[in-house]
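Okay, so here's the structure we're looking at.
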Amino acid sequence: MTEHAVVIAGGGPAGMMLAAELALAKVDVAVVERRPDHVLVGSRAGGLHSRTIEVLDQRGVADRFLAEGQVAQAATFGTTVLDMSDFPTRHPYALGIWQNHIERIMAAWIAELPVHIYYGREVTGFAQDDTGVDVRLSDGEPLRAHYLVGCDGGRSLIRTAAGIEFPGWDPTRSNLIAEVELTEEPPQGVRHDAAGVHGLHRMEDGRTFRVVVTEQQLGPGSEPTLRDLSETLITVYGTDFGIHNPTWISRFTDMTRQAAAYRDRRVLLAGDAAHVHYPAGGQGLSLGVQDAVNLGWKLAQVVKGTSQESLLDTYHAERHPVAARALQHTMAQGALQRRDERIKALVDVVSELASMDEPRKRLAGIVSGLDIHYDLGEGHPLLGRRMPDLDLVTANGPLRVFTLLHDARPLLLDFGEPGDFDITPWADRVRLVDAEYAGVWELPVIGAVTAPTAVLIRPDGYVAWVGDPADPGLADALTTWFGPPTAA
Ligand SMILES: Cc1cc2nc3c(=O)[nH]c(=O)nc-3n(C[C@H](O)[C@H](O)[C@H](O)COP(=O)(O)OP(=O)(O)OC[C@H]3O[C@@H](n4cnc5c(N)ncnc54)[C@H](O)[C@@H]3O)c2cc1C
């Protein structure tokens, strides 16, 4: 039987990101993807939010996405654009780039890494025991893994087979989404009515239009047809603009659900397999990529025996609340898309509030993912928050913090006297860099914070400890996050 340390079911954005993280950590990882190759039919998600661009930057690949997309102030709440150009990040914007291009770029990246991909096969079931998981594939060839991660989307077989509950809210409304050609020139842009939001946009090829329309009644679970789309367009616009030649027609709903547990022993969930919601605000893909970045290094350390299995529990503890908040916000945003007179009054009030400075920053912090704060206890404001990408001066010359994270290893940055720290018992895992930084320390939403003497940064870019050489807490933090000290 073929064995891998980790098998990932599903090679969408979450699965590919997780595969990259594990491969960077030198873990034998395989992805099983139902599609025959990475090509995604239809454009689906429209882009990446700021923190997701940052995590790609932490791995040195953000430029590949930036080169093909368009940066814009595109974080929104309801109808209000949340201008975040004043946020202290190298990427104070969202990146407009369709999901099929995102997946193409990600697939090219993981092709450069030691990731084994089984295309054209499905995971059909699994059985876990104390030492591993037997993974059944549609072609009958079994795989054996230490861990199985379900990145298999909202209808996750892995989640269902693991018996993990998926509580939440049933759909109340549905949208048709399609890429079609038109014979009549449509009005461009977005339209709101009592049913919800509708819009037609010309795609980059100049010929195809992306159409999104809200159905008058909740649609069935079956695949929609061109006729369904035509009828809904006529109801909303009075004409179907002569739609023809569809390359993609799909339906999505406002169903909002979240896995009750992100882990059942040797089986974990990430991305849409762990949470589904209405795409208002465009956060789904970004959430999944960040789940993967949170899980990857932890799973790698557990697989290698560096850390206890209990480290995996911090994955649920940290990521479940982040998605729960996103679900709450997408439900609120979905409600604001309906436009009878009463909702319009609410939209006006919310828009006014959201354009004020403090609410704008708070909402932009949430939508962008830049305000994420994992609960790592009391202390300096940096603790549990993302490490800013500072311009450092080191013995090797000027260096960005994110450059030091490219290989996904833990990092202790010492801004004090060189030689202050001795982390020899962790030197095989944690890199110590003496650095100088003369600028202001500033966090999105929070503002300026006091300059720390030293920071311990996890591979996902979140700060695990802040202190000075006299702080005995450093040894605890190193042990908690990166395993016990190696004996001399
Ligand atoms: C119509 C539509 C519009 C959307 N619009 C937006 C948007 O504007 N903005 C936004 O951020 N998000 C949007 N989303 C959501 C976004 O597409 C998802 O959040 C994102 O794709 C989740 O990534 P994922 O990797 O978790 O799951 P998916 O992208 O669903 O990937 C799952 C992968 O698993 C594979 N798979 C499934 N089952 C198996 C199995 N048993 N064995 C092997 N492989 C399997 C599938 O083929 C797929 O490649 C939209 C989604 C839809 C459907």
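The values are calculated or read from the model by the stated rules, or taken from the named source; none is laboratory data. Given the structure is predicted, the values throughout are model-derived calculations rather than measurements. Note that we place each Cβ from the backbone using ideal geometry, even for glycine, and neighbour counts take in every protein chain shown. Surface accessibility is based on the protein's heavy atoms, side chains included, excluding ligands, DNA and RNA. Shrake-Rupley method; radii C 1.70, N 1.55, O 1.52, S 1.80 Å.
LEU399 fails exactly one of the following numbered conditions: (1) surrounded by 13 or more Cβ atoms within 10 Å (Cβ to Cβ); (2) more than 30 Å from PRO418 (Cβ to Cβ); (3) without any contact (Cβ under 8 Å) to a residue 40 or more places away in the chain. What is the number of that condition?
(2)
If a residue has to be within 15 Å of the ligand (Cβ to nearest atom) and at pLDDT 95 or above to count, how many in the range 175-192 make the cut?
Kept after step one, since they are within 15 Å of the ligand (Cβ to nearest atom), are these residues of the range 175-192: 175-180, 190.
Add one more test, that the residue is at pLDDT 95 or above, and what stays is 175-180.
Residues flagged as within 15 Å of the ligand (Cβ to nearest atom) and at pLDDT 95 or above within the range 175-192 amount to 6.
Yes/no per residue for (1) more than 22 Å from LEU295 (Cβ to Cβ); (2) over 23 Å from the mean Cα position of the chain (by Cα); (3) surrounded by fewer than 18 Cβ atoms within 10 Å (Cβ to Cβ):
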{"residue": "HIS406", "(1), (2), (3)": "no, no, yes"}
{"residue": "ARG409", "(1), (2), (3)": "no, no, yes"}
{"residue": "GLY419", "(1), (2), (3)": "yes, yes, yes"}
{"residue": "VAL430", "(1), (2), (3)": "no, yes, no"}
{"residue": "ALA454", "(1), (2), (3)": "yes, yes, no"}
{"residue": "ALA464", "(1), (2), (3)": "no, no, no"}
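With the structure loaded, tell me whether LEU22 is open to solvent by less than 10 Å² (accessible area, probe 1.4 Å), away from the ligand (no atom under 11 Å from the Cβ) and closer than 24 Å to GLN301 by Cα or whether it fails that test.
Here the answer is yes, as LEU22 does meet what is asked.
In the range 137-159, which residues are near the ligand (Cβ under 10 Å from one of its atoms) and either without any contact (Cβ under 8 Å) to a residue 40 or more places away in the chain or hydroxyl-bearing (Ser, Thr, Tyr) (or both)? Full working, then the answer.
Taking the range 137-159 first, the residues near the ligand (Cβ under 10 Å from one of its atoms) are 137-138, 150-158.
Across the range 137-159, the qualifying residues are SER138, ARG155, SER156.
Which condition does ASP228 not pass, out of (1) away from the ligand (no atom under 12 Å from the Cβ); (2) open to solvent by 20 Å² or more (accessible area, probe 1.4 Å); (3) under 15 Å from the mean Cα position of the chain (by Cα), if it passes all the others?
Unmet condition: (3).
For the range 298-306, check the following and say yes or no: at least one residue is over 10 Å from the mean Cα position of the chain (by Cα), within 14 Å of the ligand (Cβ to nearest atom) and not acidic (Asp, Glu).
No, the range 298-306 contains no residue that is over 10 Å from the mean Cα position of the chain (by Cα), within 14 Å of the ligand (Cβ to nearest atom) and not acidic (Asp, Glu).
Hand me the list of strands (runs of 3 or more DSSP E) wholly inside the range 176-265 holding 3 or more residues that are closer than 17 Å to TYR278 by Cβ.
In the range 176-265, the matching strands (runs of 3 or more DSSP E) lie at 197-202, 209-214, 244-253, 256-258.
So which pairs qualify, if the first residue must be in the range 341-368 and outside any helix (DSSP H, G or I), the second must be at pLDDT below 95 and open to solvent by 30 Å² or more (accessible area, probe 1.4 Å), the Cβ gap must be under 6 Å, and the two must be at least 6 apart or on different chains?
So the pair list comes out empty.
Residue by residue through the range 143-166, note down the ones that are of a type in the set (A, V, I, L, M), under 24 Å from the mean Cα position of the chain (by Cα) and in a strand (DSSP E or B).
Answer for the range 143-166, where residues must be of a type in the set (A, V, I, L, M), under 24 Å from the mean Cα position of the chain (by Cα) and in a strand (DSSP E or B): LEU148, VAL149.
Which of the strands (runs of 3 or more DSSP E) contained wholly in the range 397-488 include at least 2 residues that are among the charged types (D, E, K, R) and in contact with a strand residue (DSSP E or B) (Cβ under 7 Å, 6 or more places away or on another chain)?
431-436
Kindly indicate whether GLY140 is part of a loop (DSSP other than H, G, I, E, B), at pLDDT 95 or above and of a type in the set (Gly, Ala, Ser).
Working: part of a loop (DSSP other than H, G, I, E, B): yes; at pLDDT 95 or above: no; of a type in the set (Gly, Ala, Ser): yes.
So GLY140 does not fit the description; no.
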